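Asks: Sharing a structure, written as C-alpha cells. Questions coming.
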Amino acid sequence: MADSDIIKVAICDDEMTQRRQLQFIIEKSRPGTEVNAFESGEDFLNSFRPGVYDLIFMDILMPGMGGIDATSKIRSVDGSVPIVFATSSKDHAMEGYKNRVIRYLMKPFDPVEVSEVLELAAQMKGSQGGVTVRISGKDMTFSYEKICYVEQSSHTLYIHMANGATLQLTGKLDNIEAQTPDDSFIRCHQSYLVNLAHVKSVDRSLQVFIMKDGDSVHIRRESIPEASRMLAEYSMKNI
C-alpha cells in the first residue's frame with residue numbers, strides 16, 4: 001500500500017472491549033491503517049489537531065464529555081474530517097445532521113459496514129487534493145488540510161504539518177503555491193504560504209497570523225487588509 005493510500009483513524013470510546021473490537025476489524029479490513037484509540041472525549045480533544053486524522057469513530061454515550069459535545073468542538077476547528085457516530089441507538093439523528101457525521105454504526109460493529117466507512121474515508125482523502133513534493137528522491141503527496149504553513153529560507157523549504165511535524169526539503173515556495181487553491185491558501189509574505197484552515201486570527205499590530213497551534217506567521221504590511229479579508233471570507237464559508 002502506497003503512503004498516499006494509508007489512512008489514519010481515531011477511535012474514541014470509553015469501553016475497552018469496544019475499542020479493541022473496532023481496532024481489530026479495522027486492521028483486518030484495511031491492513032496498514034494507522035489507528036489511535038482514546039477512552040474519553042476529553043482525552044481525544046487534548047491531542048486533536050485539524051488535519052491529523054482521515055476518519056474518526058466517535059462513541060455517542062461516554063461519561064463526562066459525550067460524543068456529541070466532543071464532535072461539536074471538533075467541528076469548531078475542523079469542518080471536513082469524516083466522523084462516524086458509534087451507538088446503540090439512533091436517537092441522535094439531529095445532532096449527527098448538525099455536526100455533519102457521515103454515518104451511524106450500530107454496536108456491535110458489523111465488519112462489512114466498518115469496511116465501507118474505511119473505503120469512503122479513503123475516497124474522501126483522495127478527492128481533497130494536495131501538494132506533491134520530492135523528499136529523499138521520492139514523490140510524496142500531502143492533502144491540503146494536513147499542511148499548516150510553508151516557510152522558505154534560502155533554498156530550503158519547511159513544511160509545518162498539522163500533526164506537529166516539520167518537513168525539510170530543497171525547493172521553491174513558488175512551486176508549492178502553484179499547487180494550492182487560491183481561496184484557502186495565502187502567500188502572505190515572500191517567505192510564507194499559509195493555509196487559512198489552520199489560522200486562528202490576524203494580529204494587525206504584530207503583523208502576524210496567529211495559528212491554531214500557537215505559532216505565528218509574519219504578514220507583509222501591505223498584505224494585512226487582504227489577509228484579514230480572506231480569513232473572514234474563509235471563516236464564513238466554513239461555519
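Asks: Relative to the longest principal axis of the C-alpha atoms of the chain, give the angle of the C-alpha long axis of helix 67-77, reported between 0 and 90° and rounded to the nearest 10°.
Replies: The angle comes out at about 10 degrees.
Asks: Quick one: Debye curve from the C-alpha atoms of the chain, no solvent, what's log10 I(q)/I(0) at q = 0.07, 0.10, 0.13 Å⁻¹?
Replies: The computed values of log10 I(q)/I(0) come out as -0.26, -0.51, -0.83.
Asks: Residue separation times 0.36 nm, minus the C-alpha to C-alpha distance between residue 15 and residue 106: what's the value? Walk me through the numbers before you get to the answer.
Replies: Working: separation 91, 0.36 × 91 = 32.76 nm, distance 1.46 nm.
Extra length from residue 15 to residue 106 when fully extended: 31.3 nm.
Asks: Ok, one more. In cubic angstrom, how much convex hull volume per residue do the alpha carbon atoms of the stretch 3-127 span? Can you show the working numbers first?
Replies: Values: hull volume 11.7 nm³, N = 125.
Dividing the Cα hull volume of the stretch 3-127 by its residues yields 94 Å³.
Asks: Between 55, 85, 173, whose Cα lies farthest towards the positive end of the dipole of the chain when Lys and Arg beta carbons carry +1 and Asp and Glu beta carbons carry -1, centred on the Cα centre?
Replies: 173
Asks: While we're here: Using Cα atoms only, what is the angle between the long axis of helix 224-237 and the major principal axis of the chain, expressed in degrees (0 to 90) to the nearest 10?
Replies: Helix 224-237 sits at roughly 20 degrees to that axis.
Asks: Report, to the nearest 10°, how far helix 16-29 tilts away from the longest principal axis of the Cα atoms in the chain, using its own Cα long axis and a range of 0 to 90°.
Replies: Its long axis makes an angle of about 70 degrees.
Asks: Assuming 0.36 nm per residue, please report the length gained on full extension of the stretch residue 203 to residue 222 beyond their Cα-Cα distance.
Replies: Difference between extended and current length: 5.5 nm.
Asks: For the stretch 130-237, what log10 I(q)/I(0) values come out of the Debye formula at q = 0.09, 0.11, 0.13 1/Å, with one point per alpha carbon and no solvent?
Replies: Each listed q maps to, in turn, -0.21, -0.31, -0.43.
Asks: Using the Cβ atoms and a cut-off under 14 Å, what net charge is assigned to the surroundings of residue 27, where Lys and Arg are +1 and Asp and Glu are -1?
Replies: That works out to +4.
Asks: Further question: Going through the stretch 154-202, which trypsin sites (Lys or Arg not before Pro) have at most 16 other Cβ atoms within 10 Å and a DSSP loop state?
Replies: Of the trypsin sites (Lys or Arg not before Pro), the ones in loops of the stretch 154-202 whose Cβ has at most 16 other Cβ atoms within 10 Å are 172.
Read the figures in this text as sums done on the coordinates, not as results from a lab. Since we're looking at a predicted model, the values are computed, not measured. Here Cβ is always computed from backbone atoms with ideal geometry, including for glycine, and neighbour counts include all displayed protein chains.
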